[in-house]
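Remarks on the structure that follows.
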Amino acid sequence: MLKLIRLSRPKRPLICALIWACSFATPAFLNAKPVFNQYQQSVPTVKDTLGYEMGARISSPDAIYKYFQTLSERYSERVRLIEYGRSWEDRPLYFVAVSAPHHIAQLDKYSQRMAAFGDPRKTSAREAEQLMNKLPSSVWLSYGVHGNEISSPEAAMMTLYHLLADTSDETKNWLENTVVFIDPLQNPDGRARFVSRYYATVGLTHDADRRSAEHNEPWPQGRSNHYLFDLNRDWIALTQPEIKGQVAALKEFPPLLFVDLHEMGGDSSYYFTPEARPYNPYITESQREILHWVGRNNANWFDNAGYDYYTREIFDAFYPGYGASWPLYSGSVAMTYEMASARGHTFARKDGTTLTYLDGVERHFTSSLATIQTASERREALLRRYRDYRVSAVNEGRESEQRTLIIADPQNVAGQQRLASLLQEHGIEVSRNSKAIDACGNQYPEGSYFIDMAQPNYRLIRVLLDEQINMAGDFIEQQQQRKANLLADQIYDVTGWSLPLMFNVNISACDEVVRVPTAQEIIEPIKPGTVQNLEARVAFLVRSGDTNSSRFIASALRAGVNLKQSELSFTHEKAGTFAAGSVIVTRADNQRSDLPSVLTRLARETGVDIVGVDSSWIVKGPNFGSENVQSLAAPTIAMAWDEPVSSLSAGHTRFVIERQIGYPVMAIR
């Protein structure tokens, strides 16, 4: 049965949505080829699986997962569902790979071949040509990173259905040429919060008035994740499981194209690539040309459908910490799409028209298919340019005056450990020396970290570690002129970032290759600490000065260990000097037989080095019994958890205390 749905603009060309087999909506484009209406009725629709028609309900995270799980189980020869993590609220984080059966059967080989193809240090030009004949094209579609940008996860279900159910030669050819990766819901916790709140406010009918409760979310809104992070700003720091997991998946299955699908204000239309200026200087001209290929084909599809759109405005490509930016610096070509949001089922626009939820679903579905088509038809060109990008990155790194970067900061060992671990998590090759070495006129102690810039992720290294990245001079002049004319600047968001500054770590550069006497290893963010003199008779001392010592205090208090803290620095007769804030654990205050084992565990988990002493004699500074040495009591930390507090600030603060320091917070209203 076919069901006709009229769209909201009465004067545009006649466009309608065909709902095929139990009312699954797909666009039928006016005079467009191909028209996708050759669907197998045996493929389960949303209504078959979830009990409602596409667009009739804003699907919950559980419902979306059920649909993807159902189709991946039924069509396992063409779809593979891969879980890459769990959210803070224990919801699955996953994607599916969709392609022709022979590509799905060799998905692991795809990963291995892409790794070889993209590394000219291991694969010759001739071998790369041979691999290119075997490799499919690839596109990664990520939906729903902001929980209240609701239409794109429905479009993800629509896209999966189409790729499995459509019998046209066009779609078959796409899947012969392309592996399509679909991440339908990057932020399930935020979406769950939005959907629950939205349906709690709906009355007899859905209200299109923007003043209604349906369209006005209470604090903290559904945009953010459990810890109220904007996940689309976490692609540099990698603090949240939703982004950490996706980055790991992208390293394993690197796509040629990557799209992050969003929503924006309801009075707008639709935005897609190419991006607005300024562009980050580490984005190559070749990549910018590919963005034009994608945008031009999207425009063809939108013209055929009668959909408004715009490009090259508002959303710039300068900050590398967006989902639509990060993949660019490893050789993929990434972009963002933005749809006007109904923020519910219907939304009354200022121009008198009504925007529906289904409008957003259809447009995201349309741009998804258009991008898949581009990936398929440009397979060889995209693969060749991906290889060229990685080759040029190695060459630029080899010729760089900063041939080797060295992270060796004895004043911040914890910070350098976390930085090195994070860089490795980004896919950057980092080596650690197993003994002291002389290099570039300096001696570096054991445990320093070295980055050879002649690697395929050279530009990612630069974009993360450079202290200053400049915008184009003519763009800066335009912004200065706008300022003189009392106009706002044309920069969308963040303009300054640097991981060394964030971790307060000094990095030095060397103009030659440093041969490091060790193999690469997995670098953990916290290096396990040690306990010296575990059977000490009098006390155990912990130096202050970094996050590890704060983590130790929090963990020790939670473990019931009694602590003292010196307000002044002191020097012990054998253990050396300890800065103000250092911690003292005395045997007298802790009459417990398990103290050595507890301290051993805490040192291992928090990264502190604990020194046991058999005497309390201090040669300089306050003794352990001084009034300048205070006992620490386990506090109750309360945090204002509602308006007028910024939800982002509240979430970030709570995350640092709970997840980085390890101490619980009591949120109060």
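Each value in this text was obtained by applying a stated rule to the coordinates, not by laboratory testing. Please read these numbers as outputs of a predicted model, since none were measured by experiment. Cβ atoms come from the backbone with ideal geometry, glycine included; neighbour counts cover every protein chain shown.
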Legend entry - Computed helical MRE - 222 nm, the chain, DSSP H runs ≥ 4 contributing -39500 (n - 2.57), nearest 500: -10500 deg cm²/dmol
Legend entry - Convex hull volume of region 204-327 per residue (C-alpha atoms, cubic angstrom): 164 Å³
Inset, instruction - Take the Cα radius of gyration of the chain and divide it by 2.2 N^0.38 Å, with N its residue count; two decimals is plenty. - result: 1.08
Inset, instruction - Pop the C-beta distance of Val538 and Leu648 into the FRET formula with R0 = 51 Å and round what comes out to the nearest 0.05. - result: 0.65
Inset, instruction - Diagonalise the Cα gyration tensor of region 65-147 and give the resulting equivalent ellipsoid semi-axes, square root of 5 times each eigenvalue, largest first, whole Å. - result: 30, 17, 10
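How big is Rg to Rh over region 170-225, alpha-carbon atoms, Rh as the Kirkwood inverse-mean-distance radius?
My calculation puts Rg/Rh at 1.26.
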Inset, instruction - Report, to the nearest 10°, how far helix 285-305 tilts away from the longest principal axis of the Cα atoms in the chain, using its own Cα long axis and a range of 0 to 90°. - result: 40 degrees
Inset, instruction - Over all directions, average the projected area of the Cα convex hull of region 3-355 and note it in nm². - result: 17.9 nm²
Legend entry - Relative exposure of Arg462, Arg601, judged by other C-beta atoms within 10 Å (fewest first): Arg601, Arg462
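Would you mind calculating the gained length between Ile82 and Arg384 on full extension (0.36 nm times residue separation, minus the Cα-Cα distance), in nm to one decimal?
Working: separation 302, 0.36 × 302 = 108.72 nm, distance 2.76 nm.
Full extension from Ile82 to Arg384 adds 106.0 nm.
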Inset, instruction - Pull out the extension gain between Ser615 and Ala559, defined as 0.36 nm times the separation in residues minus the alpha carbon to alpha carbon distance; nm, one decimal. - result: 17.7 nm
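How large is the charge dipole for region 531-632, taken about the Cα centre, if only the Cβ atoms of Lys, Arg (+1) and Asp, Glu (-1) carry charge, to the nearest 20 debye?
That gives region 531-632 a dipole magnitude of about 140 debye.
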Inset, instruction - At q = 0.17, 0.20, 0.21, 0.22 Å⁻¹, what is the base-10 log of I(q)/I(0) for region 315-418 according to the Debye formula with one equal point scatterer per Cα and no solvent? Please give it to two decimals. - result: -1.00, -1.17, -1.21, -1.24
Inset, instruction - Assign unit charges at the C-beta atoms only (+1 for Lys and Arg, -1 for Asp and Glu), then state the dipole size of the chain relative to its Cα centre in Debye, rounded to the nearest 20. - result: 740 debye
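Would you mind working out the magnitude of the charge dipole of region 363-471 relative to its Cα centre, with +1 at each Lys and Arg C-beta and -1 at each Asp and Glu C-beta, to the nearest 20 Debye?
I would put it at about 560 debye.
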Inset, instruction - Within 10 Å, count the other beta carbons around each residue, average over each peptide in 108-116, 422-430, and list them highest first. - result: 422-430, 108-116
Legend entry - Volume in Å³ per residue [convex hull over Cα atoms, computed for region 475-531]: 224 Å³
Legend entry - Approximate spin-label separation Gln630-Asp438, in nm, with each point projected 7 Å along Cα-to-Cβ: 4.9 nm
Inset, instruction - May I ask for the angle, rounded to the nearest 10°, between helix 188-201 and the longest principal axis of the chain, with both axes built from Cα atoms and the value confined to 0 to 90°? - result: 60 degrees
Legend entry - Cα lying deepest toward the dipole's positive end in region 400-510, options Ala488, Val413, Pro456, charges on Cβ: Val413
Inset, instruction - Evaluate the distance, in nm, between pseudo-label points positioned 7 Å from the Cα of Ala237 and of Arg601 along their respective Cα→Cβ axes. - result: 3.0 nm
Inset, instruction - May I have the pair-distance distribution P(r) for region 52-198, computed from all Cα-Cα distances with 10 Å bins from 0 and rounded to whole percent? - result: 11, 37, 30, 17, 5, 1
Legend entry - Nitroxide proxy distance, nm - points 7 Å out along Cα→Cβ at Glu127 and Gln41: 5.3 nm
Legend entry - Size-normalised alpha-carbon gyration radius of region 200-266, reference 2.2 N^0.38 Å: 1.54
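Compactness ratio of region 595-660: Cα Rg over 2.2 N^0.38 Å, N = residue count?
Normalised Cα radius of gyration, region 595-660: 1.71.
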Inset, instruction - Pop the C-beta distance of Gln106 and Asp351 into the FRET formula with R0 = 45 Å and round what comes out to the nearest 0.05. - result: 0.35
Inset, instruction - Any chance you could tell me what percent of the C-alpha pair distances in region 400-510 go past 20 Å? - result: 49 percent
Inset, instruction - Compute the long axis of helix 61-74 from its Cα atoms, compare it with the longest principal axis of the Cα atoms of the chain, and write down the angle in degrees, 0 to 90, nearest 10. - result: 70 degrees
Inset, instruction - State which entries of Lys109/Lys172; Lys244/Lys564; Lys66/Lys109 exceed 31 angstrom in Cα-Cα distance in the structure shown. - result: Lys244/Lys564
Inset, instruction - On a C-alpha basis, how far is the centre of region 402-466 from the centre of region 202-244 in Å? Whole number, if you could? - result: 37 Å
